[in-house]
Amino acid sequence: MWKKRKSAIQIKSRGELDVMREAGLVVGRTLQRLTEAVKPGITTADLDAIAEDSIRSEGATPSFKGYQGFPACICTSVNEEIVHGIPSPSKVLAEGDVISIDCGAIVDGWHGDSAVTVPVGEITPEERRLLEVCEESMWRGLAAGLAGGRLSDIGHAVETYVRGQGDYGIVEEYVGHGIGTEMHMDPAVPNYGLPGRGPVLVPGMCFAVEPMVNLGTAETLLLDDDWTVITGDGRRSAHFEHTFAVTEDGPWVLTALDGGARLKDA
């Protein structure tokens, strides 16, 4: 999440959700290309160029570039960087790094937003488990996004899973968000909390669920660039995100290439 902007909770029509799905697929395909491109020796600026070409070649517009002054099409957060890392030609990925890539795209005024954390070559078992826990916690949160439930059910599902896996730090200062005609809309979607609180989930609502999980402390620091957020203890972090729509048939994961089929099979 970025610096929060005020907006009402939107209820989208089926036609509007279909356009958001188009934006989500652009984001999903772009992240797939970026994941495949991650390797030792590539720079984060190289990845940004791949992302911009991928998004624009599909007739979409990058959500991030110019947003509140952000200078790039993706966020590239490496190792202890949690979110909002700025791509740079001097940031060269090395064997054993991990990189979080956050990407957004706009189609006909509607947004999609998603993130993955990718190992660069071989990483330690502890770090690989961190990525697995963070990604699975995102899916647990998505699965809780059921019509008739409450907004806080999502964060409760994320937190319950992470707490059951070990002594990880769940970032609290940066959270998920509503999404639609703006990238960041009300309400905030925390990755923690008690269930059964907040707005009732109604078909047509759309949210981005994005847990950020650290190997150590949950504390964060903001660097002097006023964007990059790092862990308070310098240990590594993971970040996963998908945009989903609440539907009568369960969560529709708009940025997953398969629409979140694993949720239907659960």
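Values computed for the structure shown
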quantity: Within a Gaussian network of the chain (alpha carbon springs, distance under 10 Å), most fluctuating of Gly121, Gly169, Gly155; calculated: Gly121
quantity: Enclosed volume per residue, in Å³, of the convex hull spanned by Cα atoms of the range 1-124; calculated: 111
quantity: Two-decimal Rg to Rh for the range 213-258 - Kirkwood Rh, Cα set; calculated: 1.20
quantity: Residue with peak Gaussian network fluctuation, the chain [Cα springs, cutoff 10 Å], from Leu93, Leu130, Leu142; calculated: Leu93
quantity: Added length on full extension, which subtracts the Cα-Cα distance from 0.36 nm per residue, Arg197 to Glu95; calculated: 32.4 nm
quantity: For the range 92-129 and the range 44-88, distance of Cα centres in Å; calculated: 11
quantity: Of Gly148, Ala37, Val133, farthest towards positive along the dipole that unit charges on Lys, Arg, Asp, Glu beta carbons give the range 14-265; calculated: Gly148
quantity: Cα shape, the range 14-265, gyration tensor, a/c 1.5 rule; calculated: oblate
quantity: GNM result for the chain, Cα springs below 10 Å: residue of Ala37, Ala45, Ala144 fluctuating most strongly; calculated: Ala37
quantity: At q = 0.28 Å⁻¹, base-10 log of I(q)/I(0) for the range 73-133 (Debye sum, equal scatterers on each alpha carbon); calculated: -1.20
quantity: The range 106-199: C-alpha gyration tensor shape, a/c 1.5 cut-off, then a/b vs b/c; calculated: oblate
quantity: Contact order relative to length of the chain, as percent, for alpha carbon pairs under 8 angstrom and 6 or more apart; calculated: 23
quantity: Leu257 versus Leu223: modelled label distance in nm, points set 7 Å from Cα along the beta carbon direction; calculated: 3.0
quantity: Check: the range 14-265 dipole with +1 on Lys, Arg Cβ and -1 on Asp, Glu Cβ, in debye; calculated: 460
quantity: Kirkwood hydrodynamic radius of the range 178-264, Cα pairs, Å; calculated: 15.1
quantity: Mean residue ellipticity (222 nm) of the chain, computed from DSSP H runs ≥ 4 via -39,500 (n - 2.57), nearest 500; calculated: -9000 deg cm²/dmol
quantity: Extension gain, Thr124 back to Arg14 (0.36 nm per residue minus Cα-Cα distance, nm); calculated: 35.2 nm
quantity: Net lengthening on full extension, Asp265/Thr160 (0.36 nm per residue, minus Cα-Cα); calculated: 35.7 nm
quantity: Net charge of neighbours whose Cβ lies under 15 Å from the Cβ of Leu194, counting Lys and Arg as +1 and Asp and Glu as -1; calculated: 0
quantity: Neighbour-count ranking [beta-carbon atoms within 10 angstrom, fewest first] of Lys91, Lys65; calculated: Lys65, Lys91
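Coordinate-derived values only; no laboratory data. Predicted model only: the values in this text are computed from it and were never measured. Methodologically, a virtual Cβ is constructed for each residue, glycine included, from the backbone with ideal geometry; neighbour enumeration extends over all protein chains shown.
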